1. Looking at region 77-102, which of the residues that are among the hydrophobic types (A, V, I, L, M, F, W, C) and without any contact (Cβ under 8 Å) to a residue 60 or more places away in the chain is nearest to Thr2 (Cα to Cα)?
2. Could we say that Arg74 is surrounded by 19 or more Cβ atoms within 10 Å (Cβ to Cβ), out of contact with any Asp or Glu (no Cβ under 7 Å at 6 or more places or on another chain) and basic (Lys, Arg) here?
3. Of everything in region 75-92, what is within 15 Å of the chain's Cα centre (by Cα) and within 12 Å of Glu10 (Cα to Cα)? Give them in sequence order.
4. What are the residues in region 46-69 that are loosely packed, with under 15 Cβ neighbours inside 10 Å and under 15 Å from Glu10 (Cβ atoms), if any?
5. Restricting to region 1-57, name every residue that is within 27 Å of Pro67 (Cβ to Cβ), outside any helix (DSSP H, G or I) and modelled with pLDDT under 75.
6. Taking Leu69 as the residue in question, decide whether it is in a helix (DSSP H, G or I) and modelled with pLDDT under 90.
7. Evaluate the following for Asn100: is it of a type outside the set (A, V, I, L, M, F, W, C) and modelled with pLDDT of 90 or more?
8. Tell me which residues, restricted to region 61-102, are under 15 Å from Phe16 (Cα atoms) and among the acidic types (Asp, Glu).
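The values are calculated or read from the model by the stated rules, or taken from the named source; none is laboratory data. Quick caveat: nothing in here was measured; it's all calculated off a predicted structure. Cβ: placed from backbone, ideal geometry, glycine included. Neighbour counts: every protein chain shown.
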Amino acid sequence: MTVVDAAGEEVGRVEFVKMGDSDAASTQGSEMGTGGLIGSFLETGPQVPEQKRRQFLRYGYLQIDGPGLTDSDRYVRGDRVSSVSNGVVVLSVAKDRLMNEE
């Protein structure tokens with residue numbers, strides 16, 4: 001699916017979706033190598049500070065593949081999705097507020 005920001009500017013395409021867990025207060029017990037969905041997220045997900053990692057686990061997130069060959073992946077929390085319609089995901093934030101892969 002194509003992803004556009006709040007201004008309608010194309011951000012990229014959805015590469016991966018992780019549903020949120022409202023009970024996830026921390027990543028404790030989800031260290032690398034634990035397996036399962038959360039373990040896989042920590043091993044292959046975005047390398048972000050712990051506070052952002054907790055937010056991604058709580059709200060879920062989209063991994064967005066940038067539109068150009070040299071564009072890096074971007075990540076947006078699930079609660080930043082404004083709407084989904086006709087194969088287009090519309091975000092409630094501007095493109096420059098999304099986290100890039102570190």
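1. Narrowing region 77-102 to residues among the hydrophobic types (A, V, I, L, M, F, W, C): 81, 84, 88-91, 93-94, 98-99.
With the extra rule that they be without any contact (Cβ under 8 Å) to a residue 60 or more places away in the chain, the set shrinks to 81, 99.
Numbers: Val81: 12, Met99: 17 Å.
Only one residue tops the list, namely Val81.
2. Details: surrounded by 19 or more Cβ atoms within 10 Å (Cβ to Cβ): yes; out of contact with any Asp or Glu (no Cβ under 7 Å at 6 or more places or on another chain): yes; basic (Lys, Arg): yes.
When the stated conditions are applied, Arg74 passes them.
3. Correct list: Val89, Val90, Leu91.
4. Within region 46-69, Pro67, Gly68, Leu69 meet the criteria.
5. Result: Gly45, Pro46, Gln47, Val48.
6. Numbers: in a helix (DSSP H, G or I): no; modelled with pLDDT under 90: yes.
Against the criterion (in a helix (DSSP H, G or I) and modelled with pLDDT under 90), Leu69 does not qualify.
7. Judged against the criteria, Asn100 is not a match.
8. Asp65, Asp73, Glu101
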